[in-house]
Amino acid sequence: MEALTTFAQLLASGLLTGLVFALVAVGLTLVYGVMDVVNFAHGEFLMLAMYAALGLALVGIGPLLGLPLVAIALFLFGIVVYRLFVRRLLAGPPEATVFGTFGLLVLLQGIAQAVFSSDFLSAPRPPFQGTIRFAGLAVSQATVVEGIGALLLTAGLYAFVEYTETGRAMRAVAEDRIAATLMGIDVQRINGLAFGMGAACVGAAGALLMLSYPVYPTAGASFALTAFVVVALGGFGSIQGALVGALLVGMLEVFGGYYLSPELKMVPVFLAYLVVVLLRPQGLLGRR
Amino acid sequence: MRPHLLALGAIVVVGLLAVAGVHDAVLLDLLFTLLLYAVLGQSWNWISGYAGNISFGHAIFFGCGAYAAALCVTHGLSPWLAFGLGALVAAALALVTGFPTLALRGHYFSIATIAVAALIDAFVRVSPWLGKANGFELPIAPGWANLQFAQKGPYVVLALALFALVQLATIGLERSRLGYYLRALRANHAAAASVGIDERRWKLIAFAWSAVMASAAGVLYAQYNLFVDPPSTIALAISIDIALIGVVGGIGTLWGPAVGALVYVVLAKGVALKFGGAGKGYDLVIYGAIICLIAALRPRGIVGTVVDAIRRRRGATA
């Protein structure tokens with residue numbers, strides 16, 4: 001009986017952890033899907049969003065009220081970064097986007113370190129700090145809020161890409177850039193929008209993550225590393241895939257941490273990545 | 001080929017003169033770091049520049065050498081053995097991890113190298129015989145037999161020798177069948193395969209040699225620093241430094257890694273020294289900005305841009 005309760009508890013924690021990962025991964029997969037760019041600075045966008053959310057918390061604007069503000073700020077930031085920087089990378093050789101976004105990672109981490117120092121900062125008196133108990137299981141309110149946020153965000157993004165005119169244009173660009181241009185789609189505009197939306201997703205994620213995580217200059221990096229694995233598992237470019245991949249990775253991490261050791265919690269995650277890219281390179285739900 | 005050999009000879013002579021004439025420990029330290037990074041950058045360049053598989057896990061091979069040295073010394077063996085031992089382990093690791101992953105394209109390969117490096121990092125951290133997270137402190141016992149010196153000069157000489165060896169090997173690579181095949185694979189793997197170039201075979205060979213070079217640098221590093229632990233040898237941050245050095249100088253060029261290492265040491269370390277410690281992030285800001293600028297404006301790196309300009313001029317006059 002006790003083993004069963006433990007298992008159920010791990011399952012619940014795994015699913016909620018997975019939803020937190022989904023929160024970070026959806027933006028990454030959207031950008032990849034539309035313009036074939038793996039944004040290695042994705043985690044640093046998250047880190048900036050967390051600092052922004054922290055700043056809002058310090059002037060009394062809570063995470064839920066601050067969420068749209070941070071998302072809009074990151075959306076604009078993403079568009080600026082695309083216009084000034086990523087657009088040029090796309091014109092260069094394919095490896096330029098890999099190391100260009102990596103350079104952005106280093107730059108943003110450096111700026112954060114210079115401005116905010118390396119201290120761990122937490123939001124003052126964040127809401128949702130209680131624990132929910134249900135049928136012998138205990139989960140923190142904050143992770144439930146984050147999980148609901150992840151589901152809403154994923155659903156919203158999916159609906160946007162599937163059912164709006166702009167979303168259709170994004171899918172067209174993803175499928176065939178040249179054909180999309182010939183159909184009168186402004187590829188640069190769509191790319192910029194997609195990059196901005198990817199950043200906005202991480203903006204929303206950053207506001208929610210401040211409920212339960214501290215922020216520091218490399219805070220985003222570990223989330224981003226997991227997000228790469230999540231996106232590869234689910235299939236680069238697939239939004240549903242990111243959700244499925246995230247739940248899987250969350251589960252692997254929680255079960256791995258419990259049954260192996262906390263130090264080794266990432267081992268099953270990375271093993272899963274290697275197995276999937278080698279056996280099914282398009283990911284679980286991705287198209288070739 | 002001759003101008004490259006002359007340039008290399010000049011660098012060796014200048015390096016030796018510097019060792020003879022300079023007694024400032026800080027300068028010699030920078031010189032050693034510069035040469036070590038130039039070797040690591042070139043090692044990375046073999047697989048990521050010439051072969052075109054961008055690796056973000058190259059520090060594991062550096063770690064092979066560093067840990068080989070630490071294990072030799074702590075088990076009462078000569079650290080000179082570590083060059084052979086580290087090379088064997090590094091080459092084996094390259095073959096085992098490269099066999100399945102080298103055929104992956106673009107970011108799939110890059111993320112796979114991060115995953116492999118993270119797994120090895122975790123493995124070291126739970127292995128008591130590898131010192132777990134604490135690592136190894138090497139006992140102080142200067143002397144050529146122990147590959148350990150009270151002064152920095154001999155270390156610089158050894159690093160210079162290793163650098164010269166690696167540059168010679170790369171000059172050879174550029175003129176060898178392996179070099180031509182790698183560049184053909186990088187330019188268009190399907191076209192290369194269609195004329196019978198076995199991608200996996202040639203990339204594995206390049207990967208193994210690349211690992212051996214990085215491992216030799218690791219041995220020197222361990223003997224110089226006398227301390228080896230995961231964050232200083234196999235961590236992701238080290239892998240990223242190695243990759244960025246290769247990129248800044250110009251990937252797939254003979255002198256790119258050396259130029260990249262120079263930029264890295266002068267800017268990153270110089271700025272860190274001037275503004276007090278590396279913890280303030282100024283070095284990262286400058287270094288990150290340089291990489292962004294190069295990626296956006298000159299994606300072939302410093303040396304690649306110069307080479308292009310020379311070719312254009314020659315093309316114009318011919």
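The values are calculated or read from the model by the stated rules, or taken from the named source; none is laboratory data. Model, not experiment: these values are computed from the prediction. Backbone-built Cβ (ideal geometry, glycine too); neighbour counts: all protein chains shown. These accessible areas exclude ligands, DNA and RNA; they are computed on the full protein's heavy atoms, side chains included. Shrake-Rupley method; radii C 1.70, N 1.55, O 1.52, S 1.80 Å.
Surface composition of the protein assembly as shown: carbon and sulfur make up 69 percent of the accessible area, probe 1.4 Å. Computed with a 1.4 Å probe over protein heavy atoms only, the accessible surface of segment A:137-271 comes to 38 Å² per residue.
Apply 1/(1 + (r/R0)^6) to the Cβ-Cβ distance of A:GLN240 and A:ARG125, taking R0 = 30 Å, and write down the FRET efficiency to the nearest 0.05. Taking R0 as 30 Å, the efficiency between A:GLN240 and A:ARG125 is 0.25. If you line up the long axis of helix A:187-209 against the longest principal axis of chain A, both from Cα atoms, how many degrees apart are they, to the nearest 10? Roughly 10 degrees, rounded to the nearest 10. Electrostatic tally near A:SER261: other residues with Cβ closer than 13 Å to its Cβ, Lys and Arg +1, Asp and Glu -1, net +1. Loop-only check: which chymotrypsin sites (Phe, Trp or Tyr not before Pro) in segment A:6-49 are DSSP coil with at most 12 other Cβ within 10 angstrom? Passing sites in segment A:6-49 do not exist. For peptide B:291-304, the mean count of partner chain Cβ atoms within 10 Å of a residue's Cβ comes to 6.
Here the gap between B:ALA25 and B:ALA190, fully extended at 0.36 nm per residue and compared with their Cα-Cα distance, gives a gain of 54.3 nm.
With every protein chain kept in the model, how would you rank B:VAL263, B:VAL156, B:VAL14 by accessible area, 1.4 Å probe, largest at the top?
From most exposed to least exposed: B:VAL14, B:VAL263, B:VAL156.
Mind pulling the angle between the C-alpha long axis of helix A:2-35 and the longest principal axis of chain A? Nearest 10 degrees, somewhere in 0 to 90. Between the helix axis and the principal axis of chain A, the angle is about 10 degrees. For the segment A:111-121, counting C-beta atoms of other chains within 10 Å of every residue's C-beta and taking the mean gives 3. Which distance in Å, rounded to a whole number, links the C-alpha centroids of segment A:197-220 and segment A:233-265? Centre-to-centre (Cα) distance: 19 Å. Express in whole angstrom the spacing between the alpha-carbon centres of segment B:42-68 and segment B:203-248. With segment B:42-68 and segment B:203-248 each reduced to a Cα centre, they are spaced 6 Å. For chain A, the longest principal axis of the C-alpha atoms and the axis of helix A:141-163 are separated by about 30°.
Please list the helices of chain B that count as membrane-span-like by this rule: a mean Kyte-Doolittle hydropathy of at least 0.0 together with Cα atoms stretching 18 Å or more along the helix axis, each helix being a complete DSSP H run.
Result, helices passing both filters: B:2-21, B:25-44, B:59-74, B:80-101, B:106-126, B:153-175, B:199-225, B:236-249, B:282-297, B:301-317.
Only alpha carbons enter this Debye calculation for segment B:2-236, each as an equal point scatterer, and the log10 of I(q)/I(0) it gives at q = 0.14, 0.18 Å⁻¹ is -0.90, -1.31.
Relative to the Cα centre, the charge distribution of chain A, modelled as +1 at Lys and Arg Cβ and -1 at Asp and Glu Cβ, gives a dipole magnitude of about 320 debye.
Highest-first packing order for the peptide set B:59-65, B:78-84, A:220-226, A:279-285 is B:59-65, A:220-226, B:78-84, A:279-285, based on the mean count of other beta carbon atoms within 10 Å. Per-residue ellipticity at 222 nm, computed for the protein assembly as shown from helices alone with -39500 (n - 2.57) per DSSP H run of at least four residues, works out to -24000 deg cm²/dmol. The chymotrypsin sites (Phe, Trp or Tyr not before Pro) of segment A:228-280 include none that meets both criteria, a DSSP state outside H, G, I, E and B (loop) and at most 16 other C-beta atoms within 10 angstrom of the site's C-beta. Would you work out which of B:SER48, B:VAL271, B:VAL96 lies farthest towards the positive end of the dipole of chain B? Charges go on Cβ: Lys and Arg +1, Asp and Glu -1. Positive-most Cα among the choices belongs to B:SER48.
Considering only protein heavy atoms, with the full assembly of protein chains and a 1.4 angstrom probe, order A:ILE79, B:ILE197 by accessible area, largest first.
A:ILE79, B:ILE197
Take chain B and mark each of the trypsin sites (Lys or Arg not before Pro) that is in a DSSP loop with at most 15 other Cβ atoms within 10 Å; the longest unmarked stretch, sites excluded, is B:133-318.
Ranking A:THR164, A:MET266, A:GLY203 by how far each Cα lies toward the positive end of the dipole of chain A (charges on Cβ) leaves A:THR164 at the top. Applying a threshold of 26 Å to the alpha-carbon distances of B:LYS203/B:LYS269; A:LYS265/B:LYS132; B:LYS152/B:LYS269 flags B:LYS203/B:LYS269 as lying beyond it.
Of interest is the spacing of the C-alpha centroids, which for segment A:4-22 and segment B:282-318 amounts to 49 Å.
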